[in-house]
Amino acid sequence: MRSWVLLVLAGCYAPTAPAGAPCADNRTCPEGLVCETVGGADVCILPGTLTPDAAVDAWYGDEMLPPVDRDGDGVTDDADLCPDIADDQHDEDGDRIGDACDPCPIAKQSTVNTDGDGLPDNCDPFPMMDGDELALFHGFHVSPPSWFVGSGWSFAQDAATFSQEGGTPRFLTAAGSVAGAAIVMTQLTVNALAMDGGIGIGLGTPQSGISCGLAIRNGVPQLLLYDIDALVDRAMTAIPEFELDAPCVLLLVRDEKQEVTCMAATGMDTYTTMQVSDSQPDALQPLAVGRAVEASLLYLLVTTTTSM
Ligand SMILES: [Ca+2]
Ligand SMILES: [Ca+2]
Ligand SMILES: [Ca+2]
Ligand SMILES: [Ca+2]
């Protein structure tokens, strides 16, 4: 009885060679394993349960395999936030998907895409209608390469900051352009705003276009549509509860008929200006513009749409 138990225990604890171990010299393996040549080496694998590659991995371990860097940017795939785009590793929303390959770079929880177009709901201005695409994004962690950067604009603490006490409007203009219906969006904070000052986002060229922003007019903070070419206010809506240092989301919407709407959301309140007709070229550069203001923009996000 005692020896029978010992025999059973011995059977239970008999060491079996792990899958992936080298074959014996005569290409034999422990019972239940078969000898295969994998990567130039003869290894014992479980028939039909392990792929040859997995068997080798099991034996050599992941650490022993040469690191893979698909895009050749010096960051191995396991640490690369965009393994197929050789780009910097900036990640605006911190979801471990780099800005360059994030379908919605400003929202971590962006897996829902109701209409199945190119934009998850959190970035989609029309989440129930397909036809929206991300056209441009910059998180302002550095000065955007090839952009036109006017005086007064600087980049620090993951934001574009504009600081100027007076003078003429100063521009920050994207290198690329968008055509047709487009939406330009930012989140900004205004720290100081002079009586003749303002900060906005828009579409135009480095020295022209139309902007949607926050400004003081008639002594009151306003949501303002401003004609950069003609230097005139086109439409405005008072923001009586405007607070300095409070985050504000700004949206400029330009539809296919070149009508422009300006929207702001701050706290629980949203504001909209009247639409105005814009008579500019079809292809325009997204931009930001400031005058006599101290403000910081977290990002510039531009989408194009066929939904309007
Ligand atoms: Ca890489
Ligand atoms: Ca991200
Ligand atoms: Ca969508
Ligand atoms: Ca959509």
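When the trypsin sites (Lys or Arg not before Pro) in region 217-308 are filtered for DSSP coil states and for at most 15 other beta-carbon atoms within 10 Å of their beta-carbon, the remaining sites are LYS257.
Sorting LEU231, LEU134 by the number of Cβ atoms found within 10 Å of their own Cβ, with the fewest placed first, yields LEU231, LEU134.
Proximity of backbone amide H atoms, modeled 1.01 Å from N, is registered between ASP278 and GLU259, VAL260 at under 5 Å, excluding neighbours fewer than 5 places apart on the same chain.
Given R0 = 35 Å, the distance between the Cβ atoms of LYS257 and THR76 translates into a calculated FRET efficiency of 0.10.
Short-range pairs are left out: with C-alpha atoms under 8 Å and at least six residues apart, the relative contact order of the chain is 17 percent. Applied to region 93-101, the Karplus parametrisation 6.51 cos²θ - 1.76 cosθ + 1.60 on θ = phi - 60° returns per-residue 3J(HN,Hα) values of 9, x, 9, 6, 10, x, 3, 5, 10 Hz, with x for Gly and Pro.
For the pair ASP282 and GLU133, a Förster radius of 25 Å applied to the C-beta separation gives a FRET efficiency near 0.95, rounded to the nearest 0.05.
Computed over the chain, the P(r) curve from all C-alpha pair distances, binned at 20 Å from the origin, holds 28, 39, 15, 14, 4, 0 percent per bin. A Gaussian network model of the chain, with springs between Cα atoms under 10 Å, assigns the largest mean-square fluctuation among VAL249, VAL184, VAL68 to VAL68. For ALA235, the amide hydrogen comes within under 5 Å of the amide hydrogens of LEU225, counting only partners 5 or more places away or on other chains and with H modelled in the peptide plane.
On the basis of the beta-carbon distance and an R0 of 41 Å, THR272 and ILE85 show a calculated FRET efficiency of 0.65.
Quick one: angle between helix 2-13 and the longest Cα principal axis of the chain, in degrees between 0 and 90, rounded to 10, please. Around 40 degrees separate the two axes.
Laboratory data are not the source of any read-out in this text; all were calculated from the coordinates shown. Bear in mind that the values here come from a model prediction, so they are computed numbers and not experimental data. As a convention, Cβ positions derive from the backbone with ideal geometry for all residues, glycine included, and neighbour counts pool all protein chains shown.
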